[in-house]
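Report on the structure given below.
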Ligand code: GRF
(Lines give C-alpha, C1' and ligand atoms only; values in the text may rest on other atoms or scores of the structure.)
Protein backbone atom coordinates (compact mmCIF):
# COMPACT_ATOMS: atom_id res chain seq x y z
CA UNK A 1 0.00 0.00 0.00
CA UNK A 2 1.19 3.50 -0.82
CA UNK A 3 2.68 5.24 2.23
CA UNK A 4 2.13 8.98 1.97
CA UNK A 5 3.77 11.77 3.97
CA UNK A 6 2.23 15.25 3.77
CA UNK A 7 4.10 18.54 4.17
CA UNK A 8 2.13 21.75 4.71
CA UNK A 9 2.17 25.18 6.25
CA UNK A 10 -1.47 26.15 6.67
CA UNK A 11 -5.02 25.04 7.11
CA UNK A 12 -4.57 21.67 5.44
CA UNK A 13 -7.82 21.38 3.51
CA UNK A 14 -6.02 19.36 0.84
CA UNK A 15 -4.61 17.04 3.49
CA UNK A 16 -8.19 16.63 4.74
CA UNK A 17 -9.41 15.69 1.27
CA UNK A 18 -6.76 12.94 1.18
CA UNK A 19 -7.69 11.73 4.68
CA UNK A 20 -11.36 11.66 3.60
CA UNK A 21 -10.63 9.74 0.39
CA UNK A 22 -8.73 7.09 2.36
CA UNK A 23 -11.56 6.83 4.91
CA UNK A 24 -14.15 6.57 2.14
CA UNK A 25 -12.19 3.71 0.60
CA UNK A 26 -11.66 5.54 -2.69
CA UNK A 27 -7.89 5.82 -2.20
CA UNK A 28 -5.83 2.79 -1.23
CA UNK A 29 -3.07 4.47 0.78
CA UNK A 30 -2.04 5.34 4.30
CA UNK A 31 -0.74 8.65 5.65
CA UNK A 32 2.36 7.84 7.69
CA UNK A 33 3.10 11.36 8.96
CA UNK A 34 2.33 15.06 8.53
CA UNK A 35 5.02 17.75 8.84
CA UNK A 36 4.61 21.51 9.01
CA UNK A 37 7.01 24.43 9.19
CA UNK A 38 4.46 26.51 11.13
CA UNK A 39 3.99 25.50 14.76
CA UNK A 40 0.26 26.25 15.01
CA UNK A 41 -0.68 25.25 11.46
CA UNK A 42 -4.13 23.65 11.47
CA UNK A 43 -2.82 20.86 9.23
CA UNK A 44 -1.04 19.48 12.33
CA UNK A 45 -4.30 19.50 14.32
CA UNK A 46 -6.05 17.64 11.51
CA UNK A 47 -3.31 15.00 11.60
CA UNK A 48 -3.51 14.60 15.37
CA UNK A 49 -7.33 14.38 15.23
CA UNK A 50 -6.88 11.45 12.87
CA UNK A 51 -4.18 9.68 14.85
CA UNK A 52 -1.45 10.54 12.33
CA UNK A 53 2.04 11.40 13.69
CA UNK A 54 2.43 15.18 13.38
CA UNK A 55 5.71 17.12 13.47
CA UNK A 56 6.57 20.79 13.59
CA UNK A 57 9.89 21.48 11.89
CA UNK A 58 11.66 24.72 12.72
CA UNK A 59 13.21 25.74 9.40
CA UNK A 60 15.21 28.75 10.64
CA UNK A 61 17.33 30.50 9.55
CA UNK A 62 15.69 30.07 6.14
CA UNK A 63 12.40 31.80 5.39
CA UNK A 64 11.43 30.48 1.98
CA UNK A 65 13.29 27.21 1.48
CA UNK A 66 13.85 23.86 3.19
CA UNK A 67 17.56 23.35 3.52
CA UNK A 68 20.34 22.57 6.00
CA UNK A 69 19.60 20.95 9.37
CA UNK A 70 15.81 21.21 8.95
CA UNK A 71 15.96 19.48 5.57
CA UNK A 72 17.97 16.63 7.08
CA UNK A 73 15.53 16.36 9.97
CA UNK A 74 12.63 16.12 7.50
CA UNK A 75 14.44 13.41 5.52
CA UNK A 76 15.12 11.44 8.71
CA UNK A 77 11.46 11.60 9.79
CA UNK A 78 10.18 10.64 6.34
CA UNK A 79 12.57 7.67 6.17
CA UNK A 80 11.74 6.61 9.73
CA UNK A 81 8.06 6.41 8.80
CA UNK A 82 8.78 4.57 5.55
CA UNK A 83 7.21 7.24 3.34
CA UNK A 84 7.29 6.37 -0.32
CA UNK A 85 5.51 9.46 -1.64
CA UNK A 86 5.89 13.03 -0.37
CA UNK A 87 2.81 15.18 -0.89
CA UNK A 88 3.23 18.94 -0.65
CA UNK A 89 -0.11 20.44 0.37
CA UNK A 90 0.24 24.17 0.86
CA UNK A 91 3.91 23.85 1.88
CA UNK A 92 5.20 27.42 1.50
CA UNK A 93 8.89 26.63 0.95
CA UNK A 94 11.06 25.66 -1.98
CA UNK A 95 12.17 22.06 -1.76
CA UNK A 96 15.91 21.81 -2.43
CA UNK A 97 18.27 19.16 -3.79
CA UNK A 98 18.77 17.21 -0.54
CA UNK A 99 15.12 16.18 -0.28
CA UNK A 100 14.79 15.78 -4.05
CA UNK A 101 17.76 13.40 -4.08
CA UNK A 102 16.42 11.46 -1.08
CA UNK A 103 13.06 10.89 -2.86
CA UNK A 104 13.71 11.04 -6.60
CA UNK A 105 10.48 11.26 -8.62
CA UNK A 106 8.52 10.78 -5.40
CA UNK A 107 7.52 14.34 -4.48
CA UNK A 108 4.32 15.93 -5.78
CA UNK A 109 2.68 19.31 -5.30
CA UNK A 110 -0.65 21.00 -5.94
CA UNK A 111 -0.67 24.48 -7.40
CA UNK A 112 -3.69 26.80 -7.62
CA UNK A 113 -3.42 27.64 -11.35
CA UNK A 114 -3.18 25.92 -14.72
CA UNK A 115 0.60 25.64 -14.95
CA UNK A 116 2.71 26.82 -16.68
CA UNK A 117 0.47 29.86 -16.19
CA UNK A 118 0.77 31.79 -12.93
CA UNK A 119 3.52 29.96 -11.01
CA UNK A 120 4.62 31.25 -7.61
CA UNK A 121 2.54 32.99 -4.98
CA UNK A 122 -1.12 34.11 -5.01
CA UNK A 123 -1.81 32.53 -8.37
CA UNK A 124 -5.55 33.15 -8.12
CA UNK A 125 -4.81 36.87 -7.78
CA UNK A 126 -2.37 36.70 -10.69
CA UNK A 127 -5.13 35.09 -12.78
CA UNK A 128 -7.61 37.85 -11.86
CA UNK A 129 -5.11 40.66 -12.44
CA UNK A 130 -4.05 39.06 -15.73
CA UNK A 131 -7.64 38.98 -17.00
CA UNK A 132 -7.71 35.17 -17.37
CA UNK A 133 -11.12 33.72 -18.29
CA UNK A 134 -10.19 30.27 -17.01
CA UNK A 135 -7.80 29.17 -14.31
CA UNK A 136 -7.72 26.07 -12.12
CA UNK A 137 -5.30 23.79 -10.36
CA UNK A 138 -2.43 21.50 -11.28
CA UNK A 139 -0.97 18.43 -9.59
CA UNK A 140 2.65 17.97 -10.66
CA UNK A 141 5.89 16.28 -9.78
CA UNK A 142 8.36 18.55 -8.00
CA UNK A 143 11.73 19.43 -9.48
CA UNK A 144 14.32 22.12 -8.66
CA UNK A 145 12.24 24.87 -10.27
CA UNK A 146 9.33 26.93 -8.98
CA UNK A 147 6.21 24.96 -10.02
CA UNK A 148 7.95 23.57 -13.12
CA UNK A 149 7.84 19.77 -12.74
CA UNK A 150 6.01 17.30 -15.03
CA UNK A 151 2.23 17.74 -14.86
CA UNK A 152 0.07 14.85 -13.65
CA UNK A 153 -3.39 16.38 -14.02
CA UNK A 154 -5.24 19.68 -14.12
CA UNK A 155 -8.78 20.89 -13.35
CA UNK A 156 -10.22 24.02 -14.89
CA UNK A 157 -12.15 26.70 -12.99
CA UNK A 158 -13.89 29.57 -14.80
CA UNK A 159 -13.16 33.11 -13.64
CA UNK A 160 -16.55 34.74 -13.04
CA UNK A 161 -17.57 38.38 -13.34
CA UNK A 162 -17.36 39.88 -9.87
CA UNK A 163 -14.88 37.31 -8.59
CA UNK A 164 -12.64 38.46 -5.77
CA UNK A 165 -9.30 36.77 -5.05
CA UNK A 166 -11.02 35.01 -2.15
CA UNK A 167 -14.05 33.76 -4.09
CA UNK A 168 -11.86 32.52 -6.93
CA UNK A 169 -9.45 30.75 -4.59
CA UNK A 170 -12.38 29.10 -2.79
CA UNK A 171 -13.69 27.65 -6.08
CA UNK A 172 -10.19 26.52 -7.07
CA UNK A 173 -9.89 24.72 -3.74
CA UNK A 174 -13.08 22.77 -4.44
CA UNK A 175 -11.35 21.38 -7.53
CA UNK A 176 -8.08 20.82 -5.65
CA UNK A 177 -9.91 18.55 -3.24
CA UNK A 178 -11.00 16.42 -6.20
CA UNK A 179 -7.69 16.62 -8.08
CA UNK A 180 -5.30 15.54 -5.34
CA UNK A 181 -7.07 12.30 -4.38
CA UNK A 182 -7.49 11.55 -8.11
CA UNK A 183 -3.76 11.99 -8.79
CA UNK A 184 -2.89 9.90 -5.74
CA UNK A 185 -5.22 7.15 -6.95
CA UNK A 186 -3.30 7.00 -10.25
CA UNK A 187 -0.02 6.75 -8.36
CA UNK A 188 -1.35 4.13 -5.91
CA UNK A 189 -2.50 2.04 -8.86
CA UNK A 190 0.95 2.31 -10.46
CA UNK A 191 -0.51 4.03 -13.52
CA UNK A 192 1.90 6.97 -13.88
CA UNK A 193 5.22 7.00 -15.68
CA UNK A 194 7.51 10.00 -16.16
CA UNK A 195 8.96 10.16 -19.69
CA UNK A 196 11.33 13.12 -19.84
CA UNK A 197 9.18 16.13 -18.99
CA UNK A 198 5.92 14.29 -19.62
CA UNK A 199 3.76 12.15 -17.39
CA UNK A 200 2.16 9.20 -19.15
CA UNK A 201 -1.00 7.67 -17.68
CA UNK A 202 -1.55 4.00 -18.44
CA UNK A 203 -4.79 2.03 -18.18
C1 LIG B 1 -3.76 25.46 -1.95
O2 LIG B 1 -4.48 26.43 -2.67
C3 LIG B 1 -2.62 24.91 -2.76
O4 LIG B 1 -2.88 24.89 -4.12
C5 LIG B 1 -1.52 25.89 -2.47
O6 LIG B 1 -1.69 26.23 -1.12
C7 LIG B 1 -3.06 26.06 -0.74
C8 LIG B 1 -3.08 25.14 0.44
O9 LIG B 1 -4.35 25.02 1.03
N10 LIG B 1 -0.24 25.29 -2.80
P11 LIG B 1 -4.63 23.99 2.18
O12 LIG B 1 -3.63 24.27 3.31
O13 LIG B 1 -4.48 22.59 1.64
O14 LIG B 1 -6.02 24.27 2.62
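Computed quantities for the displayed model
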read-out	value
Qualifying positions in segment 39-61 - buried (at least 16 other Cβ atoms within 10 Å of the Cβ) and either over 27 Å from residue 185 (Cβ atoms) or touching a strand residue (DSSP E or B) at 6+ places or on another chain (Cβ under 7 Å) (or both)	41, 43, 44, 47, 52, 54, 55, 57, 59
Test: residue 69 is under 22 Å from residue 178 (Cα atoms) and either surrounded by 20 or more Cβ atoms within 10 Å (Cβ to Cβ) or more than 18 Å from the chain's Cα centre (by Cα) (or both)	no
Single residue of segment 15-50 satisfying the filter (part of a strand (DSSP E or B) and within 15 Å of the chain's Cα centre (by Cα)) that is farthest from the ligand (Cβ to nearest atom)	33
Residue within segment 101-113 that is in contact with a strand residue (DSSP E or B) (Cβ under 8 Å, 6 or more places away or on another chain), within 13 Å of the ligand (Cβ to nearest atom) and under 18 Å from residue 164 (Cα atoms) present	yes
Segment 122-138, residues that are closer than 18 Å to residue 13 by Cα, part of a helix (DSSP H, G or I) and either out of contact with any strand residue (DSSP E or B) (no Cβ under 8 Å at 6 or more places or on another chain) or without any contact (Cβ under 8 Å) to a residue 24 or more places away in the chain (or both)	123
Test result for residue 90, within 16 Å of the ligand (Cβ to nearest atom) and under 22 Å from residue 182 (Cβ atoms)	yes
Verdict on residue 161 being more than 14 Å from the chain's Cα centre (by Cα) and outside any loop (DSSP other than H, G, I, E, B)	no
Close pairs (6 angstrom Cβ cut-off, 6 or more residues apart or separate chains): farther than 15 Å from residue 53 by Cα in segment 1-12, within 7 Å of the ligand (Cβ to nearest atom) and at pLDDT below 95 anywhere	none
Only one of 141, 91 that is in the same structural domain as residue 24 (by TED's automatic domain parsing), touching a residue at least 24 places away in the same chain (Cβ under 8 Å), under 21 Å from residue 30 (Cα atoms) and in contact with a strand residue (DSSP E or B) (Cβ under 7 Å, 6 or more places away or on another chain)	91
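The values are calculated or read from the model by the stated rules, or taken from the named source; none is laboratory data. Computed from a prediction, not measured in an experiment: that's the story for all the values here. Cβ sites come from the backbone with ideal geometry, for glycine too, and all protein chains shown count toward neighbours.
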